[in-house]
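Student: I am attaching a structure below and will ask some questions about it afterwards.
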Amino acid sequence: MSKIKEYPAEENPEELLDLKITEPKKWAAGIPAVVAAMDDVLQEAGPVRGMEALFHMNKKGGFDCSSCAWPDPDDDRSPIAEYCENGAKALAEEATTKKLTAEFFAQNSVADLAKLNDYEIGRKGRIAQPVYLPKGGTHYQPISWDDAFKKIASHLNDLASPNEAAFYTSGRTSNEASFTYQLFVREFGTNNMPDCSNMCHESTSVALAEAIGIGKGTVTLNDFYDTDVIIIIGQNPGTNHPRMLTALQKAKENGSKIIAINPLHEAGLMGFRNPQAVKGIMGITTQLADLYLQVHINGDMALLQAIEKQLYEYEVETPGQVFDQEFIKYNTVGYTQFLHNLQQHNIDELAKTAGVPARQIKQAADMLRNKSRIIICWAMGITQHKNGVATIKEILNLTLLKGAIGKPGAGLCPVRGHSNVQGNRTMLIWDKPKPEQLDKLKEVFGFEPPREHGYDVVEAITAMHEEKLKVFFAMGGNFLSATPDTTYTAEAIRKMKLTVNVSTKLNRSHLVHGEESIILPTLARSDKDVVKGVTQFVTCENSMGVMQMSKGVLDPISTDLLNENTIVCRLAKATIGNRTVVDWDKYEKSYDAVRADIEKVIPGFKDYSKRVQEPGGFYLPNAAREGNFKSVKFGDKVEFVINELPKYEHGADELRMTSIRSHDQFNTTIYGLDDRYRGIHNERRVIFMNRKDIQKLGFKEGEKVDLFNNHNRKERVARLFVVVPYDIPEGNTATYYPETNVLIPIDSVAEKSNTPTSKLVFIKIKKHVPAS
């Protein structure tokens, strides 16, 4: 068996902090959320700057939260606060008054900074000026903007082919910057545009685009307020999308039922104390889940098929009363074959595979039996599996049986994890653009865009490793910490001739770099964006396809920051020079000019600049929302798809492991070392285990262990974790990412979408042995 060399790219602590464990919560938010949020904002930004920003966040005429993509209410936004605890913490991170100048980088070597944990790195402050790490250098040093652009352009123009460069995008990037970025990359000559969607909802985009003609959800926020049943599967709103809790509370008040499906009992699925309501302030909890199905990790498809089988048996008892036969007749194909396959299933066997008792499956079916206004929500717990695309199509099967799509109060709700990740794709940030999209770019701008598909995230990492790439440019994000197989990815990045990161704050991707490295500091969402003396606004798209404006209100912490759009335009001019056919000067001076050309290229953006300034913005076209479908294979008919259950081969001593966020983080940004909902305090290197597994494997609560993955006979190791007993099904474990990303194999991906399978790897657990 070959062994991957240990590589100091991820945290490798020699000892743990003073872990404290308390009883997990059974409700989310409440006064503790307010206290935690205010503490972070006041500590980082101060009372005046902090409160000024909070007052304008997610308000009409203010700026869009840089955290999750949950939509703002169309017409009933809170007069007090339209943000959550995690949104406030995200604001604290970018509104901080701490800044990193040339003096900081002179005093701190890359090697010394790399010894810090991710929390410590992020807390250093905002990057205040462009910096450059020369080949063989130990410290970043100042570089002018002009010199930075010249150096990047020199590297790009020295490549044997444009395809030797890759251009990554984070979900934080605005629509305007995303559009000019993809335009520059394609005029330069490549479709190598990996983006964060590749690691999260790519499975959704693939499944829904094939099935209904659009890779997005079909509901609006108002649908939640008038529906019968909401199913939340593979998603934890209390930690990952806290503002969703208000919508769920309103749904419950209006009579909706909620079915929660998750391997862990999560506070934000069980109860909610609304800190803006009298009852919530008084400590009165709104119960959320009426039925909680504690499924095995990736047992979701078996569970869905068991529910469908139970509903089929009800349909046989009362024909036409359970399934929407009229909808099925006029809108679907493959129903007969689907039923034939369904008849072969055994509920008890499916229940065993799912890890959910058959009686609870019957309860779920009973809740759905006479209802058709059903919303199904999902996130990474569904998409980041080998069968992610197939499971989403199984979710669609259930909605088709019930006619629960294309009408008010019903439909599909993939909940996006970053505030403009959906907008990035709408703006053509995509490694596999459609021919008609490229045709339109050619028609409007007059150059021939590359037609060959580019690299997605996993393909880009592999290409780096194989030295097919020489330059890696990241528009935002923390690529190393977000990606799988940390050791392998770090080795790949270090083979680059040049790495460039457009960033607001320091992160680990700046410390694991190519031969040369450049950090370009940019404005945050909350910063005033002034171009030629005029305060600008940008736009973002939320999870439900609403385009809304975002206008920062804070004075930037440095005068040496550029907005992302200006960075793109100046880089394009430096790189392509007089060969360009694009008026980059026009774009650099005016976001309105960018939006005017977006109108020409992308459908649905007529009068873009005018409409997006209207209260609440505007909805993009979504035919599936109106019941008009356009599947790849069957036109206006949606196919019932027969999906096989996933099969795994693993050892008797191996357990399933899923990676999750703590409540004190957003994606790879660590706000703190507590996870109060799960009762974890002052430490992140923990592994949640069922008590029976702890006993069976001979461990004790609090024992230190190492985690091993042996996918394809390569040993991957994550060292020094603490065993924590938790309410999780036997045979299943959970850990926080990015600490265990090192265990996620680069070659374990979802079928069709190529998304890393971060939500399921098989691990062995051994007593901790200090690294030699």
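Student: Expressed as a fraction of 2.2 N^0.38 Å, the rule-of-thumb size for a compact globular protein of N residues, what is the C-alpha radius of gyration of segment 156-234?
Tutor: That works out to 1.53 for segment 156-234.
Student: OK, next. Working only with C-alpha atoms, what are the Rg and Dmax values of segment 372-413, expressed in angstrom?
Tutor: For segment 372-413, the Cα-based Rg and Dmax read 10.6, 32 Å.
Student: Could you run the Karplus curve 6.51 cos²θ - 1.76 cosθ + 1.60 with θ = phi - 60° over segment 183-197 and give me ³J(HN,Hα) per residue in whole Hz, x for Gly and Pro?
Tutor: Karplus-based 3J(HN,Hα) across segment 183-197 equals 5, 4, 4, 6, 5, 5, x, 9, 10, 6, 10, x, 8, 5, 4 Hz.
Student: While we're here: Long-range amide H contacts for residue 715: which residues qualify at under 5 Å (H placed 1.01 Å from N, peptide plane, sequence gap of 5 or more or a different chain)?
Tutor: Those qualifying (amide H under 5 Å, at least 5 residues apart or on another chain) are 4.
Student: Using the Cα atoms as the points, what is the convex hull volume per residue of segment 110-268 in Å³?
Tutor: Each residue corresponds to 210 Å³ of Cα convex hull volume.
Student: Another question, then. So what is the orientation-averaged projected area of segment 548-648, using the convex hull of its C-alpha atoms, in nm²?
Tutor: 13.6
Student: Skipping prolines and chain starts, which residues have an amide H placed within reach, meaning under 5 Å, of the one on residue 411, given they are 5 or more residues away or on another chain?
Tutor: Counting only residues 5 or more places away or on other chains, the set is 374, 375, 376.
Student: Write down the Kirkwood hydrodynamic radius of segment 190-298, to one decimal in angstroms, obtained as one divided by the mean of 1/r over all alpha carbon pairs.
Tutor: 15.7 Å is the Kirkwood radius here.
Student: A follow-up question, please. To the nearest 0.05, what FRET efficiency results for residue 453 and residue 614 with a Förster distance of 60 Å applied to their C-beta separation?
Tutor: After rounding, the FRET efficiency stands at 0.95.
Student: Continuing with the same structure: In terms of Cα to Cα distance under 19 Å, which lysines are near enough to residue 252, apart from those fewer than 8 places away along the same chain?
Tutor: Excluding near neighbours in sequence, the set is 26, 279, 371.
Student: Okay, next question. Based on the Kirkwood radius over alpha-carbon pairs, what value in µm²/s does the Stokes-Einstein equation return for the translational diffusion coefficient of segment 424-555 at 37 °C and 0.692 mPa s?
Tutor: Taking Rh from Cα pairs, D becomes 190 µm²/s.
Student: Then there is this: Whole-Å semi-axes of segment 327-407's equivalent ellipsoid, largest first, each the root of 5 times a Cα gyration tensor eigenvalue? Mind showing how you got there, number by number?
Tutor: Details: eigenvalues 83, 58, 47 Å².
Working from the Cα gyration tensor, I get semi-axes of 20, 17, 15 Å.
Student: Compare the peptides 463-476, 730-743 by average per-residue count of other Cβ atoms within 10 angstrom and give them in order, highest first.
Tutor: Ranking the peptides 463-476, 730-743 by packing returns 730-743, 463-476.
Student: At 25 °C and 0.890 mPa s, grab the translational diffusion coefficient of segment 641-772 from Stokes-Einstein with a Kirkwood Rh over Cα pairs, rounded to a whole number in µm² per second.
Tutor: Working: Rh = 15.6 Å.
Translational diffusion coefficient: 157 µm²/s.
Student: Let me ask you something else. Average the reciprocal distances over every distinct pair of alpha-carbons in segment 85-154, invert the result, and give the Kirkwood radius in Å.
Tutor: Kirkwood hydrodynamic radius for segment 85-154: 13.7 Å.
Student: Can you return the lysines within cross-link range of residue 600? Criterion is Cα-Cα under 20 Å, with same-chain partners fewer than 8 residues away left out.
Tutor: 434, 440, 442, 586, 589, 610
Student: Provide the per residue accessible area, probe 1.4 Å, for the chain, rounded to a whole number of square angstrom.
Tutor: 36
Student: If you look at just the Cα atoms of segment 516-600, how large are its Rg and its Dmax in Å?
Tutor: Considering segment 516-600 through its Cα atoms, Rg and Dmax are 14.2, 41 Å.
Student: Next question. I'd like to compare 552-561, 655-664: which one has the highest average count of other Cβ atoms within 10 Å, and what's the full order after that?
Tutor: Highest mean packing first, the order is 655-664, 552-561.
Student: Now for a different question. Can you give the direction-averaged projected area of the convex hull of the alpha-carbon atoms in segment 417-461, in nm²?
Tutor: 4.0
Student: Name the residues whose placed amide hydrogens come within less than 5 Å of the amide hydrogen of residue 503, ignoring near sequence neighbours (fewer than 5 apart) on the same chain.
Tutor: 520, 522
Student: Continuing with the same structure: Can you work out ³J(HN,Hα) from phi for every residue in segment 135-149, in order, using Karplus 6.51 cos²θ - 1.76 cosθ + 1.60 and θ = phi - 60°, giving whole Hz and x for Gly and Pro?
Tutor: 4, x, x, 10, 10, 5, 9, x, 8, 6, 4, 4, 5, 5, 5
Student: For segment 409-490, report the convex hull volume of the alpha-carbon atoms normalised per residue, in Å³, without decimals.
Tutor: Output value, Cα hull per residue: 160 Å³.
Student: Where q = 0.14 Å⁻¹, what log10 of I(q)/I(0) comes from the Debye formula for segment 51-178, counting one point per Cα?
Tutor: The calculated log intensity ratios at q = 0.14 Å⁻¹ are -0.90.
Student: Another question about this same structure. If you split all Cα-Cα distances of segment 200-257 into 10 Å bins from zero, what percentages do you get per bin, shortest first?
Tutor: Calculated P(r), rounded to whole percents: 21, 42, 33, 4.
Student: Taking 0.36 nm per residue of separation and subtracting the Cα-Cα distance, what length does fully extending residue 55 through residue 291 add?
Tutor: Result for the pair: 81.3 nm of gain on full extension.
Student: On a straight-distance basis, which aspartates and glutamates could pair with residue 692 in a cross-link, Cα separation under 16 angstrom, same-chain partners fewer than 8 positions away excluded?
Tutor: 653, 654, 701, 703, 727, 730
Student: Rounded to the nearest 500 deg cm²/dmol, what is the calculated helix-only ellipticity per residue at 222 nm for the chain, with -39500 (n - 2.57) per DSSP H run of length n ≥ 4?
Tutor: It lands at -9500 deg cm²/dmol.
Student: Distance from the Cα centre of segment 504-560 to that of segment 437-466, in angstrom?
Tutor: 24
Student: Once the cut-off is 19 Å, how many percent of the Cα-Cα pairs in segment 636-719 end up in the long-distance tail?
Tutor: 59
Student: Express the carbon and sulfur contribution to the solvent-accessible surface of the chain as a percent, rounded to the nearest whole number, probe 1.4 angstrom.
Tutor: 50
Student: So, R0 is 56 Å and r is the distance between the beta-carbons of residue 253 and residue 586; what FRET efficiency does that work out to, to 0.05?
Tutor: Efficiency, from the Cβ-Cβ distance: 0.65.
Student: Under the 0.36 nm per residue contour assumption, what length would be gained going from the current alpha-carbon distance of residue 599 and residue 701 to full extension?
Tutor: Here the segment from residue 599 to residue 701 would lengthen by 30.8 nm.
Student: Using mean Cβ contacts within 10 Å as the protection proxy, how do 678-690, 85-97 order, highest first?
Tutor: 85-97, 678-690
Student: Remind me, relative contact order of segment 81-164 in percent, using alpha carbon pairs under 8 angstrom and six or more residues apart?
Tutor: 28
Student: While we're on this one: How fast does the chain diffuse by Stokes-Einstein, in µm²/s, taking the Kirkwood radius from C-alpha pairs at 10 °C and 1.306 mPa s?
Tutor: 60
Student: Report the Cα centroid-to-centroid distance between segment 387-404 and segment 11-30 in angstrom, as an integer.
Tutor: 36
The values are calculated or read from the model by the stated rules, or taken from the named source; none is laboratory data. Here the structure is a predicted model, which is why all the values come from computation and not from measurement. Ideal geometry is used to build each Cβ from the backbone, glycine not excepted, and the neighbour counts take in all protein chains shown. Side chains included, ligands, DNA and RNA excluded: accessible areas come from the protein's heavy atoms. Shrake-Rupley method; radii C 1.70, N 1.55, O 1.52, S 1.80 Å.
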